[in-house]
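The values are calculated or read from the model by the stated rules, or taken from the named source; none is laboratory data. Just so it is clear, the model here is predicted, and its values are computed rather than measured. So basically every Cβ, Gly included, is an ideal-geometry build from the backbone, and we count neighbours across all protein chains shown.
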């Protein structure tokens, strides 16, 4: 399709292909109805972990294999059975169970046993949240190539990506959970709010109305509308551009924006400062700064005030040395 060497599958429900230098294409097989279920969530998690662990993976394009949908939404049977089997408690106790589930997932020792208890659904939800948070803290860029509509967890997956491109057509995206009697559970109330603002997100989630593709573009939920036959090539092209930048630098920026941006200003500034100090002495940043100073000395001018050099830096992801 786009060329490149095939990479062995990380999971039966996700096909991973090396489509460009440093760029993976992860195709999500969500079945006939396009549903997110635990096996697919685990496949996605494997891809994210690979992007974290492999320094050569600098960007991941995520798309769906369903002909008209990115990911329809989470399996309602999965949610219904998880809710039925989970402890019936109030929000405060549920938060305590959530912390317990996080602790179990982190230790892994008790996880196999816990999966046979009412904690099983909590463990799966915690792992999905952790996967999306890992995307937000990763030095790899994640691009959602929305080949069709996305509701619920499908939309929440796209909100966790750094860039969203959607195929032109009668597609839509949003959070309809309220129509089934519950609130979004995969991050929709938090990431949608950060994308479009509190009031617009509140009304959209309360009403359960999705955003048609053009409206989603207008309000900033997606970044581009692309002809369907160009969606993947354009997504890979965008991913390649970001993949040329420093992976360490990207991770520091993403953590500062995604995590620090939701904290009080003083806390966010402390997070930014910590990221800045920790990366400034790194080999990549040191090399790039030395090249910049050498170029300044050679030309007698600051490279970023030379329009041609600035344009080349934007294209290549680094300021060219002398």
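Side notes on the structure shown:
- Filter pass, residue 51 being within 19 Å of residue 164 (Cβ to Cβ), surrounded by 18 or more Cβ atoms within 10 Å (Cβ to Cβ), modelled with pLDDT of 90 or more and in the same structural domain as residue 157 (by TED's automatic domain parsing): yes
- Taken as a whole, segment 153-176 holds no residue that is without any contact (Cβ under 8 Å) to a residue 12 or more places away in the chain and assigned by TED's automatic domain parsing to the domain that holds residue 72.
- When residue 183 is tested against (1) closer than 23 Å to residue 262 by Cα; (2) in contact (Cβ under 8 Å) with a residue 24 or more places away in the chain, exactly one condition is not met: (2).
- Filter result (within 19 Å of the chain's Cα centre (by Cα) and either surrounded by fewer than 20 Cβ atoms within 10 Å (Cβ to Cβ) or farther than 11 Å from residue 152 by Cα (or both)) within segment 172-183: 172
- Taken over segment 232-278, the residue count meeting the criterion of being closer than 16 Å to residue 19 by Cβ and in a helix (DSSP H, G or I) is 12.
- When segment 259-292 is filtered for residues that are under 25 Å from residue 318 (Cβ atoms) and exposed (fewer than 13 other Cβ atoms within 10 Å of the Cβ), the ones remaining, listed by number, are 273, 276, 277, 278, 280, 281, 283, 286, 289, 290.
- Among residues of segment 297-322, those that are in a helix (DSSP H, G or I) and either surrounded by fewer than 16 Cβ atoms within 10 Å (Cβ to Cβ) or touching a strand residue (DSSP E or B) at 6+ places or on another chain (Cβ under 9 Å) (or both), counted: 13
- So residue 271, is it touching a helix residue (DSSP H, G or I) at 6+ places or on another chain (Cβ under 6 Å) and over 26 Å from residue 58 (Cα atoms): no
- Test result for residue 192, within 25 Å of residue 240 (Cα to Cα), in the same structural domain as residue 60 (by TED's automatic domain parsing), surrounded by 16 or more Cβ atoms within 10 Å (Cβ to Cβ) and touching a helix residue (DSSP H, G or I) at 6+ places or on another chain (Cβ under 7 Å): no
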